[in-house]
Amino acid sequence: MASFTSTPKFLSIFGALIVCLSPYITPSLADSFDKEVDFIWGPENSKMDDTGTQLSLSLNTISGSAFQSKDAYLFGRIDMQIKLVQGNSAGTVSTYYIASPGGPNHDEVDFEFLGNISGEPYILHTNLFAHGTGDREQQFYLWFDPTADFHNYTFLWNPRHIAFLVDDIPIRDFKNHEDKGLFFPDSQPMNVYCSIWDGDGWATRGGLVKTNWTQSPFTVHYQNFNPQACVSQKGSLVCYLPEGSDYYTWFGQMLAETDLEKMKWVRENYMVYDYCTDVKRFPKGVPPECLLG
C-alpha cells in the first residue's frame, strides 16, 4: 500500500467521524489479484494469469467459484473490469458486490449479471441492503455486448450517496437520507466479492429457462481491480485519507449535471425494473426513499 505523510484532520459528515490519516490508503494503480484477494470457494474453478492482474471464475456441474478482497473498505471508488460468460449463459449468475459480514443487520451493494440464452441480452440486476433491509432492486439491459470485451463497473460510495456506474456512466444513485430516519450503509466496512453460481431457479425469466449443463464450464473474467478506498483496520469505523490530496475526489463527489443526463438516458432506454414503481409489490406505498430522490 502507498504511504503518505499527513497531519490528522477530523471531519464530520452526516454525524460520522472521519479521520484523515494516510498510512492505510490503497494505491492509485490497479491492484494485483494475487496480493489483494482470497479464493473463498471453488478454487479449482478459479484461474489467475501470470501477472496477477486477470482472473477467471468458472461454474460446472460440481461447483461455482468466488473470491473476496483481503481488505474491507469504508467508503471509496471501487472499480472492476468484467467480461461475462459468452454463448448460452441461461441460469448463471455472475456477481460483483460489496458486503459487510453476514447477519440480520448486514450491508450490501450488488451488481448481479443474469445470464440468458444465446442472442438474448443479459440483465444487470442491482440491489442494496442497509442494516439488513433490502428489496431495493433495479434492473437494466446493457447498451453493449458485455461478453465481447471487458467493461468497467464502479461503486462510488461516500457518506452522501452510493452511485452505480458502467463505463463511467451512472445508472443508479442511492442517496443518504439518515437525517430523515432512513438507513444508509455507512457504519460497517465492506469487502469486495465476485462469484459465479447456478441461479436457474430465478435468474433467467424468473426460472423458466434452466441451465444447459452441456455448455459448461461457464466462465466469467475479471481484471483491473482498483479500490481507491479507505481501508478499515480490524473493523474500525475510522476512514483514512491523505492530507491535501485531490486524488480522492470521490470522498465528497456527487453526480454532475452531465452525469445526471447520462443516467436519465440509461433509465429511459434500458431500465427493465424499478422497485420504486412497483405498486403491486408495495400496495401500502413504495419505500420512502423513492419519494425523496
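The values are calculated or read from the model by the stated rules, or taken from the named source; none is laboratory data. All of these numbers come straight from a predicted model, not from anything done at the bench. Methodologically, a virtual Cβ is constructed for each residue, glycine included, from the backbone with ideal geometry; neighbour enumeration extends over all protein chains shown.
Name every residue in the stretch 128-144 that is of a type in the set (A, V, I, L, M, F, W, C), part of a loop (DSSP other than H, G, I, E, B) and under 23 Å from residue 198 (Cβ atoms), in order of residue number.
If the condition is that a residue be of a type in the set (A, V, I, L, M, F, W, C), part of a loop (DSSP other than H, G, I, E, B) and under 23 Å from residue 198 (Cβ atoms), then 142 is the only one that fits.
Restricting the stretch 145-160 to residues that are assigned to a loop (DSSP other than H, G, I, E, B) and in contact with a Phe, Trp or Tyr (Cβ under 6 Å, 6 or more places away or on another chain), which is nearest to residue 270 (Cα to Cα)?
The selected residue is 146.
Please determine, by comparing only the residues of the stretch 209-234 that are modelled with pLDDT of 90 or more and out of contact with any strand residue (DSSP E or B) (no Cβ under 7 Å at 6 or more places or on another chain), which one is nearest to residue 52 (Cα to Cα).
215
With the condition being more than 23 Å from residue 165 (Cα to Cα) and modelled with pLDDT of 60 or more, I'd like the strands (runs of 3 or more DSSP E) fully within the stretch 1-104 carrying at least 3 qualifying residues.
Output list reads 37-41, 46-48.
Of the residues that sit in the stretch 108-127 and are surrounded by fewer than 23 Cβ atoms within 10 Å (Cβ to Cβ) and assigned to a loop (DSSP other than H, G, I, E, B), which one is nearest to the chain's Cα centre (by Cα)?
122
List pairs: first residue in the stretch 137-157 and under 15 Å from residue 112 (Cβ atoms) and at pLDDT 95 or above, second residue among the hydroxyl-bearing types (Ser, Thr, Tyr) and in a loop (DSSP other than H, G, I, E, B) anywhere in the structure, Cβ distance under 6 angstrom, at least six positions apart or on different chains.
Close Cβ pairs satisfying both conditions: 146/122.
Tell me which residues, restricted to the stretch 155-166, are under 13 Å from the mean Cα position of the chain (by Cα) and either surrounded by fewer than 21 Cβ atoms within 10 Å (Cβ to Cβ) or farther than 20 Å from residue 93 by Cα (or both).
Matches in the stretch 155-166: 156, 157, 162, 163.
Among the residues of the stretch 278-293 satisfying the criterion of being in contact with a Lys or Arg (Cβ under 8 Å, 6 or more places away or on another chain) and assigned to a helix (DSSP H, G or I), which is surrounded by the most Cβ atoms within 10 Å (Cβ to Cβ)?
289
Give the residues of the stretch 186-210 that are β-branched (Val, Ile, Thr), assigned to a loop (DSSP other than H, G, I, E, B) and surrounded by 22 or more Cβ atoms within 10 Å (Cβ to Cβ), sorted by residue number.
Result: 204, single match.
Test each condition in (1) under 15 Å from residue 124 (Cα atoms); (2) part of a loop (DSSP other than H, G, I, E, B); (3) without any contact (Cβ under 8 Å) to a residue 60 or more places away in the chain for residue 183 and report the one that comes out false.
So residue 183 meets the others, but not (1).
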